[in-house]
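Scroll down for the structure; my scribbles are underneath it.
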Amino acid sequence: MPKILGIDLGTTNSAMAIVEGGTPKIIENAEGGRTTPSVVAVAKNGERLVGLVAKRQSVTNPQNTVTGIKRFMGHRFLDPTIQKEKGEVSFEVIKGDAEGVKVTMGDKRHTPEEISAVILQKLKRDAEAKLGEKITEVVITVPAYFDDSQRKATKVAGEIAGFNVRRILNEPTAAALAYGFQKKKNEKIAVYDFGGGTFDITVLEVGDEVIEVKATDGDSHMGGEDIDREIVRHLAGEFKKENGIDISKDPLALQRLKEAAEKAKHELSEVMEAEINLPFITSDQNGPKHLVTKLSRAKLEALAESYISKSIEITKRAMEVSKFTYAEIEEVILVGGQTRMPAIVRAVKELFGKEPNKSINPDEVVAAGAAIQAGILQGDVKDILLLDVTPLSLGIETLGGVATKVIERNTTIPTERKQTFSTAADNQTSVEVHVVQGERPMAADNKTLGKFILDGIPPSPRGIPQVEVIFDINANGILTVKARDKASGKEQSIRIEASANIKDEDVERMKKEAEAHASEDEKKRLLAEVRNAAETLVYTAEKAIRDYGDKVPAEVKTDVESKIGDVKKALEGDNTETLKKAVEDLNTSLQKIGESMAGNGSTKGPQAAPEDGTRDAEYDAGEGGEGGSEGGDTNKKE
């Protein structure tokens, strides 16, 4: 049976492994390396270079050398993170098709998926040469905090490279799989993954037959490269002070500085001081200039302090969600090359009160875990139940612009959830389903994953049609959404594509803004709630006047009409308290119609609230008029 390859597609370096004789084995590349630089370039003669050879020539050819492409995967060009990143890299980043991203390499422009595919193609080619057989299937790892668009972009890259992508696996989960492999005892562990471009923390329970993720958190735009950039800024700033020349504006000098910064950072994991010597870095009218300086470990730690502190705060959040105490965590697994930094080891030790586990190679453990998952899929390794989670909440926009969650963050996947919604206008024949991802209460503040229309709904009074919305997340963490009109059986679905990243927000910003604007969000949510109630009540009251106006005293009818006017006026503003008071007054007046009808001996009359349990859903109205929606819990599948 053909082997399934396990690949850790990293920001800085990538690695690959297979299962052989029941255990994972790292496969060396054509150059004999156990990791491959995630670098692609076009040489001056037009030759395409990948890996170590591409990295080596980057000093003399920075504009045509693409590094860190993982940070651009699944993003739109106008995303603030992309706008920031494009100012930090040596290659040109431009607006691509459908608002996407492209990078210039030589005289051609490529999508991030295409560049990643070139790296994957090299790994595939080298693995086939080493193993002496063709490989067509793969398990690729991604940061746990990658969103739906980034996961799909990674899958597309694999497909472009010629793979059938069997599974997209979270990196910390892969590390836990490698750590827990063939262990007999159950343990609670934390995987602290500080890579070249991303940071993840995952808390898990690991056993012989089950690996269950309890909580995951992270930042998909923070990693060792950010620390490298801090070193570069520091060195360039010191050079400018001494020589009056800004070498950060010179692409060739900047590339030399970047390489020296990375080398010094690595050295400072072992020594207290590193020397940086870059002769002929630039020149002025007086002749050539040389950059000769020293960088101490203390200075490096000061430059990295904000990133380390941020990683610890994110770790604390994940621990809080997991419900485990720090004392209950038996092992802390360090993943990613950046975790070799002594300051990071100290910070993690201080937080958990125990020495982190350094027995596993942080550069190889994720690839080993991917290989174990591949082994499970091909039947070479006994099945292990892998219970991963979705990192962010998923839902739809409902009445008043509210984001109604269908699947909460940290829900175990694969999973399916259903909710039933209804129309918000009489004779509405179509609804728009706006799918969002994030933690903010208002839909506009979250990330749009996609929109689609369900039409063909039979014309009916508002609240009568039953529209079932189904969210399905597979084992890759990839989402499919369906909407079905229960009466007609008409169904529409959307498989969110990588290009569906419409909003210019990334995952970390969603969460940070949720914390920073909690009070503002709550006010918006409450106002939307009261507006929904007010509009429903106005509809009920106007219907009551139409149906029973000639059967109640004139003063009761006049009073209700007056109060309807007050609510409509309050709806024009955004004062929650004024609107609540108007709603209460209308409710009181509306009850008088019911009392009058009861006094007249009628058994039927209006009620101040809807009779059924189906809540309205904000959808664009079809032919029947305008509408909105509010999330409902009817027919929710747990």
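I'd like to know if the stretch 356-363 contains one or more residues that are within 26 Å of the chain's Cα centre (by Cα) and either part of a loop (DSSP other than H, G, I, E, B) or modelled with pLDDT of 90 or more (or both).
Just the residues of the stretch 356-363 that are within 26 Å of the chain's Cα centre (by Cα), to begin with: 362-363.
Still in the list and also either part of a loop (DSSP other than H, G, I, E, B) or modelled with pLDDT of 90 or more (or both): 362-363.
Yes.
Each row is one residue, and each column tells you yes or no for (1) within 30 Å of the chain's Cα centre (by Cα); (2) modelled with pLDDT of 95 or more.
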{"position": "6", "(1), (2)": "yes, yes"}
{"position": "36", "(1), (2)": "yes, yes"}
{"position": "42", "(1), (2)": "no, no"}
{"position": "45", "(1), (2)": "no, no"}
{"position": "58", "(1), (2)": "no, no"}
{"position": "82", "(1), (2)": "yes, no"}
{"position": "90", "(1), (2)": "yes, no"}
{"position": "95", "(1), (2)": "yes, no"}
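Could you tell me which residue of the stretch 417-462 is nearest to residue 489 (Cα to Cα), considering only residues that are under 15 Å from the mean Cα position of the chain (by Cα) and of a type in the set (A, V, I, L, M, F, W, C)?
First, pick out the residues of the stretch 417-462 that are under 15 Å from the mean Cα position of the chain (by Cα): 435-440, 445-450.
Next cut, of a type in the set (A, V, I, L, M, F, W, C) only: 435-436, 449.
Numbers: 435: 21, 436: 25, 449: 25 Å.
The qualifying residue nearest to residue 489 (Cα to Cα) is 435.
Could you list, in sequence order, all residues of the stretch 89-120 that are crowded, with 17+ Cβ neighbours inside 10 Å, in a loop (DSSP other than H, G, I, E, B) and either not assigned by TED's automatic domain parsing to the domain that holds residue 53 or not hydrophobic (A, V, I, L, M, F, W, C) (or both)? Even if it seems obvious, please write down each step before you answer.
Kept after step one, since they are crowded, with 17+ Cβ neighbours inside 10 Å, are these residues of the stretch 89-120: 89-91, 93, 96, 100-103, 105, 110-120.
Going one step further and asking which of them are in a loop (DSSP other than H, G, I, E, B), we end up with 89-91, 96, 100, 111.
Those that are crowded, with 17+ Cβ neighbours inside 10 Å, in a loop (DSSP other than H, G, I, E, B) and either not assigned by TED's automatic domain parsing to the domain that holds residue 53 or not hydrophobic (A, V, I, L, M, F, W, C) (or both): 90, 96, 100, 111.
One line per residue, one yes/no per condition, for (1) among the hydrophobic types (A, V, I, L, M, F, W, C); (2) outside any loop (DSSP other than H, G, I, E, B); (3) over 40 Å from the mean Cα position of the chain (by Cα); (4) modelled with pLDDT of 85 or more:
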{"position": "533", "(1), (2), (3), (4)": "yes, yes, no, yes"}
{"position": "549", "(1), (2), (3), (4)": "no, yes, yes, no"}
{"position": "570", "(1), (2), (3), (4)": "yes, yes, no, yes"}
{"position": "582", "(1), (2), (3), (4)": "yes, yes, yes, yes"}
{"position": "585", "(1), (2), (3), (4)": "no, yes, yes, yes"}
{"position": "593", "(1), (2), (3), (4)": "yes, yes, yes, no"}
{"position": "596", "(1), (2), (3), (4)": "no, yes, yes, no"}
{"position": "629", "(1), (2), (3), (4)": "no, no, no, no"}
{"position": "637", "(1), (2), (3), (4)": "no, no, no, no"}
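Of the numbered conditions (1) modelled with pLDDT under 85; (2) touching a Ser or Thr at 6+ places or on another chain (Cβ under 8 Å); (3) crowded, with 17+ Cβ neighbours inside 10 Å, residue 493 satisfies every one except a single condition; which is it?
If we test residue 493 against (1) modelled with pLDDT under 85; (2) touching a Ser or Thr at 6+ places or on another chain (Cβ under 8 Å); (3) crowded, with 17+ Cβ neighbours inside 10 Å, just (3) comes out false.
Quickly run through the stretch 555-581 and pick out the residues that are over 15 Å from residue 539 (Cβ atoms) and in contact with an Asp or Glu (Cβ under 7 Å, 6 or more places away or on another chain).
To start, the set of residues in the stretch 555-581 that are over 15 Å from residue 539 (Cβ atoms) comprises 555-559, 562, 566, 569-570, 572-581.
566 - this is the single residue of the stretch 555-581 that is over 15 Å from residue 539 (Cβ atoms) and in contact with an Asp or Glu (Cβ under 7 Å, 6 or more places away or on another chain).
Restricting attention to the stretch 183-205, and to residues there that are surrounded by fewer than 24 Cβ atoms within 10 Å (Cβ to Cβ) and free of Cβ contacts under 8 Å to residues at least 40 places away in the same chain, which single residue is nearest to the chain's Cα centre (by Cα)?
Restricting to residues being surrounded by fewer than 24 Cβ atoms within 10 Å (Cβ to Cβ) and free of Cβ contacts under 8 Å to residues at least 40 places away in the same chain, the top hit is 205.
Here are some residues: 392, 386. Which one is outside any helix (DSSP H, G or I) and within 16 Å of the chain's Cα centre (by Cα)? Quick ask: steps written out before the conclusion?
Working: 386 fails: within 16 Å of the chain's Cα centre (by Cα).
Just one listed residue meets the conditions, 392.
Scanning the stretch 286-308 for residues that are polar (S, T, N, Q) and within 22 Å of residue 266 (Cβ to Cβ), which turns out nearest to the chain's Cα centre (by Cα)? Show your work before the answer.
Keep residues of the stretch 286-308 that are polar (S, T, N, Q), which gives 286, 293, 296, 306.
Remaining after also requiring within 22 Å of residue 266 (Cβ to Cβ): 293, 296, 306.
Details: 293: 40, 296: 36, 306: 22 Å.
Ranking the candidates gives 306 first.
Report, ordered by the first and then the second residue, all pairs with beta carbons closer than 6 Å, sequence separation of six or more or different chains, a first member in the stretch 261-283 that is surrounded by fewer than 14 Cβ atoms within 10 Å (Cβ to Cβ), and a second member that is outside any helix (DSSP H, G or I).
If the second residue must be outside any helix (DSSP H, G or I), the pairs left are 275/294; 277/292; 279/290; 280/288; 283/289.
Please determine whether any residue of the stretch 422-435 is surrounded by fewer than 23 Cβ atoms within 10 Å (Cβ to Cβ), among the hydroxyl-bearing types (Ser, Thr, Tyr) and outside the structural domain of residue 210 (by TED's automatic domain parsing).
There is at least one residue in the stretch 422-435 that is surrounded by fewer than 23 Cβ atoms within 10 Å (Cβ to Cβ), among the hydroxyl-bearing types (Ser, Thr, Tyr) and outside the structural domain of residue 210 (by TED's automatic domain parsing).
Somewhere in the stretch 210-220, is a residue free of Cβ contacts under 8 Å to residues at least 24 places away in the same chain and surrounded by fewer than 22 Cβ atoms within 10 Å (Cβ to Cβ)?
Step one: of the stretch 210-220, the residues free of Cβ contacts under 8 Å to residues at least 24 places away in the same chain are none.
Looking for residues that are free of Cβ contacts under 8 Å to residues at least 24 places away in the same chain and surrounded by fewer than 22 Cβ atoms within 10 Å (Cβ to Cβ), one finds none in the stretch 210-220, hence no.
Which ones in the stretch 46-57 are touching a residue at least 60 places away in the same chain (Cβ under 8 Å) and surrounded by 22 or more Cβ atoms within 10 Å (Cβ to Cβ)?
Here is the first cut: in the stretch 46-57, the residues touching a residue at least 60 places away in the same chain (Cβ under 8 Å) are 46, 48, 50-51.
Scanning the stretch 46-57 gives 50, 51.
Just name the residue that is farthest from residue 171 (Cα to Cα) out of those in the stretch 221-237 that are touching a residue at least 40 places away in the same chain (Cβ under 8 Å) and small (Gly, Ala, Ser). Break it down stepwise before answering.
First, the residues of the stretch 221-237 that are touching a residue at least 40 places away in the same chain (Cβ under 8 Å): 221-227, 229-231, 234-235.
If we keep only those that are small (Gly, Ala, Ser) too, we end up with 223-224.
On the way: 223: 14, 224: 16 Å.
Of everything passing the filter in the stretch 221-237, 224 is farthest from residue 171 (Cα to Cα).
Do we find that residue 68 is in contact with a Lys or Arg (Cβ under 7 Å, 6 or more places away or on another chain), small (Gly, Ala, Ser), closer than 28 Å to residue 222 by Cβ and in contact (Cβ under 8 Å) with a residue 60 or more places away in the chain in this structure? I'd like the intermediate steps shown before the answer.
Numbers: in contact with a Lys or Arg (Cβ under 7 Å, 6 or more places away or on another chain): no; small (Gly, Ala, Ser): yes; closer than 28 Å to residue 222 by Cβ: yes; in contact (Cβ under 8 Å) with a residue 60 or more places away in the chain: yes.
Answer is no for this residue.
What's the number of the only condition in (1) in a helix (DSSP H, G or I); (2) touching an Asp or Glu at 6+ places or on another chain (Cβ under 6 Å) that residue 416 fails to meet?
(1)
Among the numbered conditions (1) outside the structural domain of residue 382 (by TED's automatic domain parsing); (2) basic (Lys, Arg); (3) buried (at least 18 other Cβ atoms within 10 Å of the Cβ), tell me where residue 249 comes up short.
Failing condition for residue 249: (3).
Output the number of residues of the stretch 244-260 satisfying the condition of being of a type in the set (A, V, I, L, M) and touching a residue at least 40 places away in the same chain (Cβ under 8 Å).
We begin by selecting, within the stretch 244-260, every residue of a type in the set (A, V, I, L, M); these are 245, 247, 252-254, 257, 260.
With the extra rule that they be touching a residue at least 40 places away in the same chain (Cβ under 8 Å), the set shrinks to 245, 247, 252, 254.
Within the stretch 244-260, residues that are of a type in the set (A, V, I, L, M) and touching a residue at least 40 places away in the same chain (Cβ under 8 Å) number 4.
Inspect the stretch 369-382 for any residue being under 26 Å from residue 196 (Cα atoms), part of a loop (DSSP other than H, G, I, E, B) and modelled with pLDDT under 95 and give the result as yes or no.
Going through the stretch 369-382, the residues under 26 Å from residue 196 (Cα atoms) turn out to be 369-374.
Retained after the next criterion (residues that are part of a loop (DSSP other than H, G, I, E, B)): none.
No: zero hits.
The values are calculated or read from the model by the stated rules, or taken from the named source; none is laboratory data. Given the structure is predicted, the values throughout are model-derived calculations rather than measurements. Virtual Cβ from ideal backbone geometry, glycine too; neighbours counted across all protein chains shown.
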